[in-house]
Amino acid sequence: MGTPKIFNELIKYSKDITSGKEIACKKHMLACERFLRDVKRQGTKEFPYIWDEKEAAKIVKWFTYCKHSKGILTDKPIILKTFQKFIVCNIYGWKHKDTGYRRFRKAYIQVARKNGKSQLQAGMGLYELMARGINASEVYCLGTKRDQSKIVFREAILMAGKHIKKRLKITNKNIRHEISNSFMEPMSKEAGKTGDGLNPQMAIIDEYHAHPTSAMYDVMVSGMAARPEPIIVIITTAGEDFENKPCYAEYQYCSKILQGVTDNEQYFVLICELDEDDDIKDERNWIKANPIVATYPEGIEYLRGELKTALEDPDKMRTFLTKNMNRWVKEFENTYINIDYWKNCKQDITWEDVRGKNCYVGVDLSSTGDLTSVSFEFPIINDSGEKKYIVFSHSFIPAKTLQHKINTDKAPYDMWHKKGLLTATQTNKGLINDYNFVVRYIEDKREKYDLNIIMIGYDKHQAGMFVSEMEELGYECVEVKQSCRNLNDATIDFRDQVKVGNIIHDGNELLTWSIANAVTISNSFGEIKIDKDLRVKRIDPIDATINAHYLAMNYWNDGTTDLNQKITDDFLDKLGW
């Protein structure tokens, strides 16, 4: 096949990013790490995708037939930068080794304004329309308003070079490639178009943050069911007033893919943003959110002007942060735990390591078809008096609601069920949780590993029957009031212990996912507790864990339990303690 020139270019690019040779944000680095992992495992049983250099070269060549529509490069051929190749060649270069169909069916790219978002989408839209050899290809440019839906559509018209235009029929309503009976057209809620009955090959969403609901996204996805390899592409900046907006939910989900919290091999993600602790005045950081604008003098000067305006007018600072630095501002203000700290606490531990030890149990009981969770926390201490906490978690969900929750929560509950992290309860017609499963789970762990369960902490909501049964079995149950005032110390201390590596866990993916969903809320005194960031996000496992930590904090050192729960030399070595 010859030298895979583009493949090697992207490998070098990814290594330069991940090594720090090229400045990039953490999530950009994670995207490059993901690519490098894929390179090593391509074609394996676990990863049935291979790189198609010919297809990658084809999309790069295609852009040279398009022309710049504005700026100093107007009418010049579009020569993709390596950053842009990383996006389009990932999307088009990976194919399934058996079917030959493309790997990625969805793409989420978040980058600051003026970094060529519309140009990239328009080029891909034209490519799907006329260059992939698919008959009756339908390409839609989506927006909540007519003007928004036409931005990419108009860009496609402007950037189509002579070689492309002579094969198209262009009107204000659509672009047609009559040879293949394919078309591209804008679609907006404002125009009264719902998308029902369509069969899209490609859906393009520009500035998804402006969409109040996911209605148009959802109807496009449902309409793609009949296509063998359709794709939906979102390219957006961060937005303001983002709570309960679908774009922010998608951003959170895609962040989890990059962080390894959620597994989705068919979703391409690239997020370019200013990192949490970056100084916005340090021009070296600007390239993190502006991988094109910050690479040339005029772009830097533009960003300097925007920052100057923002510093002089505080009302403009939020816009600068969201549009120019691509930050969801509130996300950094109230995220509970930095997921990187949490992942660093993972150790190769098993239940055998805590055999015969004291522990505290926290439960979070759902009322209907949601998650119910139970956590065990084992305080341990070494000869120097240093303390650590070992955490295990398990959750329960009604069997009949599992598939529905996979769709609404965008969470792989089926995978977690197969891995033994989640029990699907079959009683009560599989529609509501049966707390007898929780009782048996706690009893089974106690008996199998000879555990000394000192206390069980619970939220009194829906807990009456559960508490009565546990007390009949001889357990001491303690109500953990779910107020900011009562949970403040435990919530802060658990987070602090995670930061310094004193919480030890086994990498439970469901617990990790719930921690990534958790944000903090506060009362008028500044006291905090955790909450979920959006309606469908679940935090039940971390809720149960904090209930257990509340008990360990308040009762471990009160003289009623053995403080000196020491660990063996073998386990000491295992923990590197």
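The values are calculated or read from the model by the stated rules, or taken from the named source; none is laboratory data. These figures come from a predicted structure and were not determined experimentally. Methodologically, a virtual Cβ is constructed for each residue, glycine included, from the backbone with ideal geometry; neighbour enumeration extends over all protein chains shown. The protein model used for the area step is the full one, side chains on, heavy atoms only, and it has no ligands, DNA or RNA in it. Shrake-Rupley method; radii C 1.70, N 1.55, O 1.52, S 1.80 Å.
Of note:
Okay, residues lined up against (1) surrounded by 18 or more Cβ atoms within 10 Å (Cβ to Cβ); (2) touching a Leu at 6+ places or on another chain (Cβ under 8 Å):
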residue	(1), (2)
I454	yes, yes
D493	no, no
K499	no, no
I503	yes, no
W513	yes, no
K537	yes, no
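- All positions within the range 125-160 that are free of Cβ contacts under 8 Å to residues at least 40 places away in the same chain and either over 16 Å from N172 (Cα atoms) or among the charged types (D, E, K, R) (or both): R132, D147, K150, R154
- Qualifying residue in the range 110-128 (condition: among the aliphatic types (A, V, I, L, M), open to solvent by less than 10 Å² (accessible area, probe 1.4 Å) and more than 30 Å from Y302 (Cβ to Cβ)): no
- Of all residues in the range 365-405, those that are assigned to a strand (DSSP E or B) and either open to solvent by less than 20 Å² (accessible area, probe 1.4 Å) or closer than 15 Å to D506 by Cα (or both) total 21.
- Restricting attention to the range 179-198 and to residues that are open to solvent by 10 Å² or more (accessible area, probe 1.4 Å) and modelled with pLDDT of 90 or more, the residue that is nearest to the chain's Cα centre (by Cα) turns out to be P186.
- Scoring E527 on the criteria (1) modelled with pLDDT of 65 or more; (2) in contact with a strand residue (DSSP E or B) (Cβ under 9 Å, 6 or more places away or on another chain) leaves a single failure, condition (2).
- For V261, the requirement of being modelled with pLDDT of 90 or more and under 23 Å from Y341 (Cβ atoms) is met.
- Test result for T350, within 31 Å of the chain's Cα centre (by Cα) and hydroxyl-bearing (S, T, Y): yes
- Residue count for the range 424-450 under the criterion of being within 30 Å of S483 (Cβ to Cβ), of a type outside the set (D, E, K, R) and in contact with a helix residue (DSSP H, G or I) (Cβ under 6 Å, 6 or more places away or on another chain): the result is 3.
- Residue match in the range 406-426 (condition: over 22 Å from L511 (Cα atoms) and not in a strand (DSSP E or B)): yes
- One residue from F63, F83 being within 22 Å of H28 (Cα to Cα), touching a residue at least 24 places away in the same chain (Cβ under 8 Å) and hydrophobic (A, V, I, L, M, F, W, C): F83
- Of residues in the range 161-173 being touching a residue at least 12 places away in the same chain (Cβ under 8 Å) and within 18 Å of C66 (Cα to Cα), the one surrounded by the fewest Cβ atoms within 10 Å (Cβ to Cβ): H163
- Condition met for K61 (farther than 18 Å from I204 by Cβ, out of contact with any Ser or Thr (no Cβ under 8 Å at 6 or more places or on another chain) and at pLDDT 95 or above): yes
To keep it simple, each residue is scored yes or no on (1) part of a loop (DSSP other than H, G, I, E, B); (2) out of contact with any Leu (no Cβ under 7 Å at 6 or more places or on another chain); (3) not β-branched (V, I, T).
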site: T213; (1), (2), (3): yes, yes, no
site: V233; (1), (2), (3): no, yes, no
site: A249; (1), (2), (3): no, no, yes
site: K256; (1), (2), (3): no, yes, yes
site: N264; (1), (2), (3): yes, yes, yes
site: V269; (1), (2), (3): no, no, no
site: E273; (1), (2), (3): yes, yes, yes
site: E298; (1), (2), (3): no, yes, yes
site: E306; (1), (2), (3): no, yes, yes
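- Listed by first and then second residue, the pairs with beta-carbon distance under 6 Å, at least 6 apart or on different chains, first residue in the range 443-464 and hydroxyl-bearing (S, T, Y), second assigned to a helix (DSSP H, G or I) and open to solvent by 20 Å² or more (accessible area, probe 1.4 Å), are Y449/W351.
- Count of residues meeting criterion [closer than 29 Å to N264 by Cα and in a strand (DSSP E or B)] in the range 60-107: 6
Table: residues versus (1) farther than 30 Å from I17 by Cα; (2) at pLDDT below 95.
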residue	(1), (2)
I87	no, no
N115	no, yes
M130	yes, yes
S149	yes, yes
